[in-house]
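We did not get these values from a lab; they are worked out from the coordinates using the rules stated. In this text the structure is predicted, and so the values were computed from the model without any measurement.
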């Protein structure tokens, strides 16, 4: 993840405005957004061997991140469709 960037913005650069809007206006989106970043940070720390996780723990984190990403993308698309 690049310095100052959010992984969700990197994943969906075309939705930058919608991400910004929903972070401030939608509590559910913000909760999912925060969890997505927490999970991503945990995965990154595991990959860097700063935190030791079992393969199962890391796999569960990756699955959760994918679920969150799918749900967040659905919310972003619904805002764009208006």
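List of remarks:
- The chain: angle of helix 16-25 to the longest principal axis, Cα-based, in degrees nearest 10: 90
- Relative contact order %, the chain, counting alpha carbon pairs below 8 Å whose residues are six or more apart: 32
- Taking the C-alpha atoms only, the angle from helix 27-47 to the longest principal axis of the chain is near 30 degrees.
- Long-range Cα-Cα pairs in the chain (distance over 15 Å), rounded percent: 58
- You can think of it this way: the chain between residue 81 and residue 67 has 2.9 nm of extra reach, that is 0.36 nm per residue less the Cα-Cα gap.
- Helix axis angle, 55-81 relative to the chain longest principal axis, alpha carbon, degrees: 10
- In plain terms, the chain from residue 55 to residue 26 could stretch by 7.0 nm, reckoned as 0.36 nm per residue minus the Cα-Cα distance.
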